[in-house]
Protein chains: 2
Amino acid sequence: MSILIKNILVNNKRTDILIADNKITSVSHNITYNADKVIDGTYKAAFPGLVNGHTHAAMTFFRGYGDDLPLEEWLTTKIWPNERNLTDEIVYWGTKLACLEMIKTGTTAFNDMYFRFKEAARATDEMGIRGVFPQLMFDNLDPEQGKKVQSRIKYQDFEGDYSSRIQFAIAPHAIYTVSGSSYKWAMDFATEHGIIVHTHLAETQTEYQNAIKNFGLSPIRYLNSLGILKPNLVIAHCLWLDDDEIKMLADNGVKVVHNPNSNLKLASGHRFLYNEMKEKGVCIGLGTDGCSSSNNLDMIEAMKMMSLLQKGWRLDPTALPANDVIKVATKNGAEMLNINAGEIKEGMLADMFLVDLNTPAFTPLNNNTESNLVYAANGNNVDTVICDGKILMENKKIDGETEIIQKVNELVNILIKH
Amino acid sequence: MSILIKNILVNNKRTDILIADNKITSVSHNITYNADKVIDGTYKAAFPGLVNGHTHAAMTFFRGYGDDLPLEEWLTTKIWPNERNLTDEIVYWGTKLACLEMIKTGTTAFNDMYFRFKEAARATDEMGIRGVFPQLMFDNLDPEQGKKVQSRIKYQDFEGDYSSRIQFAIAPHAIYTVSGSSYKWAMDFATEHGIIVHTHLAETQTEYQNAIKNFGLSPIRYLNSLGILKPNLVIAHCLWLDDDEIKMLADNGVKVVHNPNSNLKLASGHRFLYNEMKEKGVCIGLGTDGCSSSNNLDMIEAMKMMSLLQKGWRLDPTALPANDVIKVATKNGAEMLNINAGEIKEGMLADMFLVDLNTPAFTPLNNNTESNLVYAANGNNVDTVICDGKILMENKKIDGETEIIQKVNELVNILIKH
């Protein structure tokens, strides 16, 4: 399969893009090639596919349920009791809805964290985007329970008939639900198998204060004391930390994912130290978190929120310009998930989205499509999505959309009872 | 013209809505009426039309131009020099683009502030929504220049062949561009003619500090000393104020419009005192500000931003729930512009928008369409818009869209030269 996109804006310049199999094979002027599919880019701009660095895909089922509550109350009264009703079918269809929403809004890869990860992987594989699916670990801070949990995790479980778009990982949930020994075990397991470790960390002030109380150390120092700050560690949130801890993250190549919408909505904090982390060299990605807290998977909206929030709390309108936040949401995300994508460049995987420029958000056409994407558009401006060299959406149409929405509307009554 | 909407969700309950001429004549079950137009609401929800409380409509021309700069530099190097090139045609087409964008995103009324207000009024009248168009005043803080400006303003200029959807107003720009005597004159003029006064106030810390330096008073105390805090005064921003000033606003019935996206993007401030003002009884509306600072006119996005920002800076996830921010953006906005709208209720003007529920943002259908609207959707989820009893958009299609976009793309080269 080959795709030739003619006369499209990339970085505000007109060019052609040639895709063969799953790679971008040329980005240059006047490509002549007898491609299987030709797309006229005259009224379009192309951007690298967005990478959602932290989400709980199947939690689309919880969208709009239990809003406006404190984090602990929300988890203990709304989420956890209902999660007991999860089934394979629910995770499968919830992930399908998430993928549908991600494709519609330009996301071509995501870092998931949820139960029944094989169902999530299967759904995503069918939908055509990339995903990283971890075996989730909880042990109630009890090393004995931790051993049982560990003994049940086999790398063979990660194997199966999946495409190269699917990766596996391991995810100790958080330092308030998983013992230090399980964290260490997870990092050893991940290192042995060359996979990433995905966890929540330093999300709330309560977590920070409890870490000091329980471990005598702040969250990041605690993980450091366990010896698991490593380049394959991806931590979500990271709102409550100091300069020395930023240095620990940087020195050890730890990856950080900011989730501005979730952090605001759950009131976890709003002063994400982007400049400070970036200066020290931390690789920072962007995520939406799950739909139960964010409440959508729109990475374009998340880019605007991240950029505006940086300007706002710093009282500095020059903070995190549009071009930089696009890199955070594409190149950096791809880097932390070990995906050779995040730029529209020869040799990269063909993961990208196109927007229609004949819309108010991109009018006037002013050589600033990056600004218009971040500050004026939203996910619904995405018109066409290509992942791994295949067109997943063209003119906003995706096969099977109605069936997914109907299935979720049926199954929600089995899941949510409290 | 009559419109019957069958079996639609309003406040999460199924109902029919009957519209005759420009009013909602009935909201109840099983209405039988031989209407000119019937809309099947089975997969739709209806919300009152959004009211954009503060914008500069024709500044759609400046979208994406001069981002990421400090306020003073942005105004003096990017905006004001180019505004010298404004023509009637530019204001007309820029306002048309703004109306197009507002209709597409569910806004049915807006409070404008820009040059050549009669062109803006004409464009808006043609597009079918409501607008308030002020004669804008600048006098360089010079009372003599102020007198000349005042002498040129005639109420007869406001008269013309406009529909009842068009209102006029007067807008002294800001306390750093308009003398106290012109402010007083504007309030007298407005009181005499029963119109509103629209101004920027307490937007930045610099403005606050300069007011103390120049007038010996903070911005709100300064307007209070001029005797112009009145119920027909609508002030945009109001970020820098104390408890006593909130009481002054409340006691005098002054209306306040919050513009969260603009305030973040220009780094004017992020701690809007919603709870404190609401407790004292201030009527608070929501605006997008102009596209040069926000950079779109999407009031659904603005609702999410306002709600999340309140939760975020207060570290309180219960702050400003979805239902409350919808009231701010509809009922309160209508109240401050003296429009009998803002609720879907018998006797109100027929201003409303419908969303398609068969979309990820509204899935699962969970009796929480308000949450889904504010936290999961954005302006592009709007499917149908009715204003003054007329359908302005159905199935996302608006007549003349392509022509407006083309015209703006042509004219931008005349306007922006610096």
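As for the stretch B:111-120, it holds at least one residue that is under 18 Å from residue B:164 (Cα atoms) and in a strand (DSSP E or B).
Looking only at the stretch B:114-129, count how many residues are of a type in the set (S, T, N, Q) and surrounded by fewer than 23 Cβ atoms within 10 Å (Cβ to Cβ).
To start, the set of residues in the stretch B:114-129 that are of a type in the set (S, T, N, Q) comprises B:124.
Retained after the next criterion (residues that are surrounded by fewer than 23 Cβ atoms within 10 Å (Cβ to Cβ)): none.
The qualifying residues number 0.
Take residue B:96 and tell me if it is surrounded by fewer than 23 Cβ atoms within 10 Å (Cβ to Cβ), in a helix (DSSP H, G or I), at pLDDT 95 or above and not assigned by TED's automatic domain parsing to the domain that holds residue B:380. Criteria not met by residue B:96. Checking each residue in the stretch A:347-375 for being assigned to a loop (DSSP other than H, G, I, E, B), farther than 21 Å from residue A:16 by Cα and at the interface with another protein chain (Cβ under 7 Å from one of its Cβ atoms) picks out A:363, A:364.
For residue B:368, indicate whether it is buried (at least 21 other Cβ atoms within 10 Å of the Cβ) and at pLDDT 95 or above. For residue B:368, the condition - buried (at least 21 other Cβ atoms within 10 Å of the Cβ) and at pLDDT 95 or above - is not met. Of all residues in the stretch B:327-361, those satisfying the criterion of being under 30 Å from residue A:96 (Cα atoms), surrounded by 18 or more Cβ atoms within 10 Å (Cβ to Cβ) and out of contact with any Gly (no Cβ under 6 Å at 6 or more places or on another chain) are B:354, B:355, B:357, B:359, B:360, B:361.
Scanning the stretch B:238-263 for residues that are small (Gly, Ala, Ser) and within 14 Å of another protein chain (Cβ to nearest Cβ) yields a total of 1. At least 3 residues being out of contact with any His (no Cβ under 8 Å at 6 or more places or on another chain) and more than 9 Å from chain A (Cβ to nearest Cβ) is the threshold, and among the helices (runs of 4 or more DSSP H) wholly inside the stretch B:264-343 those reaching it are B:274-280, B:299-314, B:322-327, B:333-336.
So, residue A:132, is that one of a type in the set (A, V, I, L, M, F, W, C), assigned by TED's automatic domain parsing to the domain that holds residue A:54, surrounded by 14 or more Cβ atoms within 10 Å (Cβ to Cβ) and closer than 18 Å to residue A:83 by Cβ or not?
On the way: of a type in the set (A, V, I, L, M, F, W, C): yes; assigned by TED's automatic domain parsing to the domain that holds residue A:54: yes; surrounded by 14 or more Cβ atoms within 10 Å (Cβ to Cβ): yes; closer than 18 Å to residue A:83 by Cβ: no.
The answer is no for residue A:132.
Of all residues in the stretch A:199-240, those that are in contact with a Gly (Cβ under 6 Å, 6 or more places away or on another chain) and closer than 17 Å to residue A:71 by Cα total 1.
Look at residue A:417 and say whether it is over 30 Å from residue B:408 (Cα atoms), modelled with pLDDT under 95 and either assigned to a loop (DSSP other than H, G, I, E, B) or more than 7 Å from chain B (Cβ to nearest Cβ) (or both). Break it down stepwise before answering.
Details: over 30 Å from residue B:408 (Cα atoms): yes; modelled with pLDDT under 95: yes; either assigned to a loop (DSSP other than H, G, I, E, B) or more than 7 Å from chain B (Cβ to nearest Cβ) (or both): yes.
Yes: the conditions hold for residue A:417.
How many of the residues making up the stretch B:309-348 are of a type in the set (Asp, Glu) and over 17 Å from residue B:389 (Cβ atoms)? The number of residues fulfilling the criteria is 3. Report yes if residue B:103 is within 29 Å of residue B:356 (Cα to Cα) and not assigned by TED's automatic domain parsing to the domain that holds residue B:19, otherwise no. Yes, satisfied. Just one of the listed residues (A:349, A:373) is farther than 27 Å from residue A:64 by Cβ and outside the structural domain of residue A:279 (by TED's automatic domain parsing), and it is A:349.
Say whether the condition of being hydrophobic (A, V, I, L, M, F, W, C), closer than 23 Å to residue A:196 by Cα and surrounded by fewer than 22 Cβ atoms within 10 Å (Cβ to Cβ) is met by at least one residue in the stretch A:249-257. Within the stretch A:249-257 (the criterion being hydrophobic (A, V, I, L, M, F, W, C), closer than 23 Å to residue A:196 by Cα and surrounded by fewer than 22 Cβ atoms within 10 Å (Cβ to Cβ)), the answer is yes, since at least one residue qualifies. Could you go through the stretch B:68-85 and let me know if any residue there is within 16 Å of the chain's Cα centre (by Cα) and either part of a helix (DSSP H, G or I) or hydroxyl-bearing (Ser, Thr, Tyr) (or both). So far as the stretch B:68-85 goes, no, none of its residues is within 16 Å of the chain's Cα centre (by Cα) and either part of a helix (DSSP H, G or I) or hydroxyl-bearing (Ser, Thr, Tyr) (or both). Among the residues of the stretch B:104-113, is there at least one that is surrounded by fewer than 22 Cβ atoms within 10 Å (Cβ to Cβ), in contact (Cβ under 8 Å) with a residue 24 or more places away in the chain, out of contact with any Gly (no Cβ under 7 Å at 6 or more places or on another chain) and more than 14 Å from chain A (Cβ to nearest Cβ)? Scanning the stretch B:104-113, I find no residue that is surrounded by fewer than 22 Cβ atoms within 10 Å (Cβ to Cβ), in contact (Cβ under 8 Å) with a residue 24 or more places away in the chain, out of contact with any Gly (no Cβ under 7 Å at 6 or more places or on another chain) and more than 14 Å from chain A (Cβ to nearest Cβ), so the answer is no. Answer yes or no as to whether residue B:192 is charged (D, E, K, R), surrounded by fewer than 21 Cβ atoms within 10 Å (Cβ to Cβ) and either without any contact (Cβ under 8 Å) to a residue 40 or more places away in the chain or touching an Asp or Glu at 6+ places or on another chain (Cβ under 8 Å) (or both). When the stated conditions are applied, residue B:192 passes them. Of the residues screened, residue A:407 is one that is in contact with a helix residue (DSSP H, G or I) (Cβ under 7 Å, 6 or more places away or on another chain), part of a helix (DSSP H, G or I) and touching a residue at least 40 places away in the same chain (Cβ under 8 Å).
Scanning the stretch A:376-403 for residues that are exposed (fewer than 14 other Cβ atoms within 10 Å of the Cβ), of a type in the set (Asp, Glu) and within 13 Å of chain B (Cβ to nearest Cβ) yields a total of 1. When we screen B:64, B:106, B:94, B:53 for residues that are more than 18 Å from the chain's Cα centre (by Cα) and not charged (D, E, K, R), the only hit is B:64.
The values are calculated or read from the model by the stated rules, or taken from the named source; none is laboratory data. Bear in mind the structure is a predicted one, so any value in this text is a computation, not a measurement. FYI the Cβ positions are ideal-geometry reconstructions off the backbone, even for glycines, and counts take in every protein chain you see.
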